[in-house]
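So the structure is just underneath, and the comments pick up after that.
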Amino acid sequence: MPEPDPQGASLLRLAHVSKRFGGVQALDDIAFDVRPGEVLCLAGENGCGKSTLIKVISGVHRPEPGAVMEWEGRDISGLTPAEARALGIQVIWQDLALFPEMSVAENIAFERNLGARPRLVNRKAMRAEAAAVLARLDVDLPLSMPVGRLSIANRQLVAIARALVAEARLVFMDEPTASLSQRETDALIAIVHRLSAQGIAVVFVSHRLKEVLEICTRVTVLRDGRLVGTYPTAGMTQARLTELMTGASFNYAPRPEARPAAPLLELRGLTRHGEYHDIDLTVAPGEIVGLTGRLGSGRTELALSLFGMTRPDAGTILWQGQPLRMRHNRDAIRMGIAYMSEDRLSLGLVQPQSIADNTVVTVLDRVLGRLGLISPARKSALVRDWLTQLRVKIGQPTDAVSTLSGGNQQRVVLAKWLATAPKLLILDSPTVGVDVGARAGIFAIVDELARQGLAILLISDEAPEVFFNADRILHMREGRLIEEFIPARSTLAELEEAVHA
Amino acid sequence: MPEILRAVGATERWLMVVIAVICLGLSLATDTFLTLVNLFDLLNYSAVNLIFAAGLLVVLIAGGIDISFAAAASVVQYLAVTILMQIGGGNWAIGLLLAGLIGFGLGAINAALIHHFRLVSIVVTIATFNLFFGLLMFFTGGVSIYALPGWLSRRIILFEHETASGWAEITLPVLVMVVMLAATWFMLRRLNFGRQLFAMGDNPEGARRLGINLGAMHYLAYGWLGLCAGIAGLMQVHYAREVVPNALYGRELEVLAAVVLGGARLGGGRGTLLGAVLGLALVSITQNGLNLLGVSPFAFRMIVGLIILIAISMSSETLRGLTEGLRRRRIREAQS
Ligand SMILES: Nc1ncnc2c1ncn2[C@@H]1O[C@H](COP(=O)(O)OP(=O)(O)OP(=O)(O)O)[C@@H](O)[C@H]1O
Ligand SMILES: [Mg+2]
């Protein structure tokens, strides 16, 4: 593929773009270009600067002096968010940036309410516009429901719809598929191709490398805030891309078959009407049980009951052979159950608080010194311990969690739960938005925890993830467990076929 | 459920029920509550607080808080009346314009401090509350003004009717209140600026990324409250027929409690004008009722506090939780 032509073939061209946040060099002398109508991927590990680059281009962050930014050959440095939108730059933000109290329709069509001049609100037109975009996306959402009451996957769809509502020339999608099901992902990919056919350029960020290679023609790789290069995807493999991103390579194999032990947790006929039915399941110490199935199959609902957040209507939970009744998730934490939730951005972390405080919030009693006050020394020791084990890339433990990149926030949540020293660890989609290197890191830790005797329930809709990391896989559909797989005795293709059938 | 009620939120519906019960109780317990004279007086008196409430609601929706507005209203009263006397009394239109302008200016001071110096709104407005009130007391020496422009001292009566228990009147503040409520509703619901205010209160970072001008929104929210406060201050002079520097002292918390009771969320993004009006109505009717029952005004404060606690804990979320629980139980019974 020919090199970008600086004489104006590019829609957007950047050179020498840098951005510092205090001590963190988030972007270092980046060159970047997007051509009209192309689908370009932006790849790199967590914290390498992908979201920061998008924020610079959309006018949210101002780059350091010396940056060159051109739009169709015209200088656009010093751009504001409103000017970026006027050029036709739309963004699906990684943290969605929606308005939770507002209706789905108003969130999607909020564009109509922008502007510095007084204008009447036209609710009917907004609803019609929102309905039209959702129809294009082939999804059905309740238009008047507040966005805050939607599931995280549906919120993601709202964010996508909002970016498509306006006249766009360049759409950034920062991990838009992170919590979408296969069907919704397929619909989105179809949309991406349609946009590109209409001459609208799309810059796509994803940690699912398979997806990256499928939909893009070129991929720009960043590492540690620096540009590694821009490559055509033709002829590129996942392994090669991983190597470019991380500078290292990884191998995968299913886990050897394990010998059964006495179960720590046993479910008999557990039922909660409308959510899951007649669930029989065991998890033994040292065992990793995978639970997979499509979004909405009842996986998360089951996990919430195991964590004492909702009460089953029928059936029994046995804990070390004894019946267990939980009224509250405090009971669950006391028994030694930890739950890393799916919607961790909003439920798992107190965003404005420091990384350190977020890590120790679940184990405050263990960092208490004399007089029952929090001992700063114990706190920082515990925090340092977990953050280094999980390789979280941070400036200072006292920085606010909200300054971390998406993937690194995830690791802080994991650190928080591991600090409770649980007996049963429920991981609900633990690697959504986590890069390949860190995924391997997280599963190495999970494996190590299992070796130490922890029972682990791993929930994920990514078949390869459960296949390579679980001892047994339970397949859930429409609230029921329908089959069991032993990875050592089957193939990934079999599992994928069953789940996507 | 009738169509019109379905459009109304759960908090508002709950408040309507409570208000209806209290009104019924008071009508039975006293023979003065349900008279035209009392109800009109209640309306004239509450008009001032309702104008405050409309302004405060805008600030709460935008994600801020302001406790300086009652002090600002006292400053406006003093300045406006002094200026009006200088120019020979003026008329109600000049008075309202003047009060609104000075009020807007005082609100803009809050907006400037909060936006340009990135200070927390509660801290800023505690400071400006003390500043406004301190300056006022310093320059007036706490002396009241009794010499008012003619239209203020005679009062403008829009409607009167003689009843067995005396004259029932509706005065200018009620009309002004209706206009201010309508304007606030229009801005919040029908104008793009209103929606931008909701957006800023709901998710400030999201609003910034969409290119909403947060500075302008701060001036709009605090300026609007200042405008309302100025106008409410002048209307309070109309009601009381005197300017007493500390007449509005403590009013800010009463209004704040009523607006929050009406479902506005501290922290922004949520609130309705109907809720604010109902919240204020609940507090005012209770106050009026206890007064008629001869209860001590100290007990009144305590009882209002209790009502707010009970009402807030029974608010929409709790109700939703209760109905959800009942629904689940019914399903379970039906299935077993
Ligand atoms: N507002 C901020 N203040 C301080 N540091 C920041 C801020 N925003 C980003 N950073 C830092 O800049 C670096 C790049 O972050 P960025 O969010 O761009 O990463 P990313 O590539 O999007 O990662 P991910 O895949 O995890 O989303 C990180 O180290 C992050 O902690
Ligand atoms: Mg990111």
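The values are calculated or read from the model by the stated rules, or taken from the named source; none is laboratory data. On a predicted model such as this, the values are computed, not experimentally measured, just so you know. A quick note on method: Cβ atoms are made from the backbone with ideal geometry, for glycine too, and the neighbour counts reach across all protein chains shown. Remember, those area values only see protein heavy atoms, side chains included, never the ligands or the DNA or RNA. Shrake-Rupley method; radii C 1.70, N 1.55, O 1.52, S 1.80 Å.
Tally time: how many residues in region A:82-130 are surrounded by fewer than 22 Cβ atoms within 10 Å (Cβ to Cβ) and among the β-branched types (V, I, T)?
Here the count works out to 1.
Please go through region A:178-232 and pick out each residue that is in contact with a Leu (Cβ under 9 Å, 6 or more places away or on another chain) and among the β-branched types (V, I, T).
If the condition is that a residue be in contact with a Leu (Cβ under 9 Å, 6 or more places away or on another chain) and among the β-branched types (V, I, T), then A:I191, A:I200, A:V202, A:V203, A:V205, A:V212, A:T217, A:V219, A:T220, A:V221, A:V228, A:T230 are the ones that fit.
At negative phi, under 26 Å from the mean Cα position of the chain (by Cα), within 7 Å of chain B (Cβ to nearest Cβ) and touching a residue at least 40 places away in the same chain (Cβ under 8 Å) - does that describe any residue in region A:59-74?
Looking for residues that are at negative phi, under 26 Å from the mean Cα position of the chain (by Cα), within 7 Å of chain B (Cβ to nearest Cβ) and touching a residue at least 40 places away in the same chain (Cβ under 8 Å), one finds none in region A:59-74, hence no.
For (1) open to solvent by less than 20 Å² (accessible area, probe 1.4 Å); (2) within 26 Å of A:L213 (Cβ to Cβ), each residue gets a yes or a no:
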| site | (1), (2) |
| --- | --- |
| A:L42 | yes, yes |
| A:L53 | yes, yes |
| A:V68 | no, no |
| A:W71 | yes, no |
| A:I76 | yes, no |
| A:T80 | no, no |
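Give me the residue from region A:159-207 that is within 14 Å of chain B (Cβ to nearest Cβ), part of a helix (DSSP H, G or I) and open to solvent by less than 10 Å² (accessible area, probe 1.4 Å) and, out of that set, nearest to ligand 2 (Cβ to nearest atom).
Residue satisfying both the conditions and the ranking: A:A159.
Run down A:D435, A:D461, A:D447 and say which single residue is modelled with pLDDT of 75 or more, away from chain B (no Cβ under 14 Å) and within 16 Å of ligand 2 (Cβ to nearest atom).
A:D435
Given the conditions (1) open to solvent by 30 Å² or more (accessible area, probe 1.4 Å); (2) of a type outside the set (D, E, K, R); (3) within 14 Å of chain A (Cβ to nearest Cβ), and given that B:N192 satisfies all but one, which numbered condition is not satisfied?
(1)
Of the conditions (1) within 14 Å of chain A (Cβ to nearest Cβ); (2) over 30 Å from A:I57 (Cα atoms); (3) open to solvent by 30 Å² or more (accessible area, probe 1.4 Å), B:M187 satisfies every one except a single condition; which number is it?
Going through the list (1) within 14 Å of chain A (Cβ to nearest Cβ); (2) over 30 Å from A:I57 (Cα atoms); (3) open to solvent by 30 Å² or more (accessible area, probe 1.4 Å), B:M187 breaks only (3).
Can you give me the ranges of the helices (runs of 4 or more DSSP H) entirely in region B:179-268 with at least 1 residues that are within 21 Å of B:N49 (Cα to Cα), within 14 Å of the chain's Cα centre (by Cα) and modelled with pLDDT under 95? Steps first, answer last, please.
On the way: elements: B:192-202, B:204-209, B:214-240, B:251-261.
Per the criteria, B:251-261.
Please go through region A:208-233 and give me each residue that is within 16 Å of ligand 1 (Cβ to nearest atom), crowded, with 19+ Cβ neighbours inside 10 Å and assigned to a strand (DSSP E or B), ordered by number.
A:V219, A:T220, A:V221, A:L222, A:L227
If A:T237 satisfies every condition in (1) closer than 30 Å to A:V499 by Cα; (2) within 16 Å of ligand 1 (Cβ to nearest atom); (3) assigned by TED's automatic domain parsing to the domain that holds A:F21 but one, which is the exception?
(2)
Check A:P263, A:P256 and return the single one that is touching a residue at least 40 places away in the same chain (Cβ under 8 Å), under 18 Å from A:V446 (Cβ atoms) and open to solvent by 50 Å² or more (accessible area, probe 1.4 Å).
On the way: A:P263 fails: under 18 Å from A:V446 (Cβ atoms).
That would be A:P256, the only listed residue that is touching a residue at least 40 places away in the same chain (Cβ under 8 Å), under 18 Å from A:V446 (Cβ atoms) and open to solvent by 50 Å² or more (accessible area, probe 1.4 Å).
Would you check which residues across region A:485-497 are assigned to a helix (DSSP H, G or I) and either open to solvent by less than 20 Å² (accessible area, probe 1.4 Å) or aromatic (F, W, Y) (or both) and list them?
Hits for region A:485-497 are A:P487, A:L495.
In region B:76-107, which residues are open to solvent by less than 20 Å² (accessible area, probe 1.4 Å) and assigned to a helix (DSSP H, G or I)?
Filtering region B:76-107 for residues open to solvent by less than 20 Å² (accessible area, probe 1.4 Å) gives B:76-77, B:80-81, B:84, B:89, B:95, B:99-100, B:103, B:107.
Correct list: B:V76, B:Q77, B:A80, B:V81, B:L84, B:G95, B:A99, B:G100, B:G103, B:G107.
Those residues that are touching a residue at least 40 places away in the same chain (Cβ under 8 Å), touching a strand residue (DSSP E or B) at 6+ places or on another chain (Cβ under 7 Å) and outside any helix (DSSP H, G or I), I need them from region A:465-484; list them, please.
A:A470, A:D471, A:R472, A:I473, A:L474, A:H475, A:M476, A:G479, A:R480, A:L481
Could you please find all residues in region A:75-91 being away from chain B (no Cβ under 11 Å) and among the aliphatic types (A, V, I, L, M)?
Residues of region A:75-91 away from chain B (no Cβ under 11 Å): A:75-78, A:87-88.
Selection gives A:I76, A:L87.
Considering only residues of region A:298-309 that are in contact with an Asp or Glu (Cβ under 7 Å, 6 or more places away or on another chain) and under 13 Å from A:G274 (Cβ atoms), which is least open to solvent (accessible area, probe 1.4 Å)?
A:G298
Look at B:L292 and say whether it is closer than 27 Å to B:G100 by Cα, touching a residue at least 24 places away in the same chain (Cβ under 8 Å) and hydrophobic (A, V, I, L, M, F, W, C).
Spelling it out, it is not the case that B:L292 is closer than 27 Å to B:G100 by Cα, touching a residue at least 24 places away in the same chain (Cβ under 8 Å) and hydrophobic (A, V, I, L, M, F, W, C).
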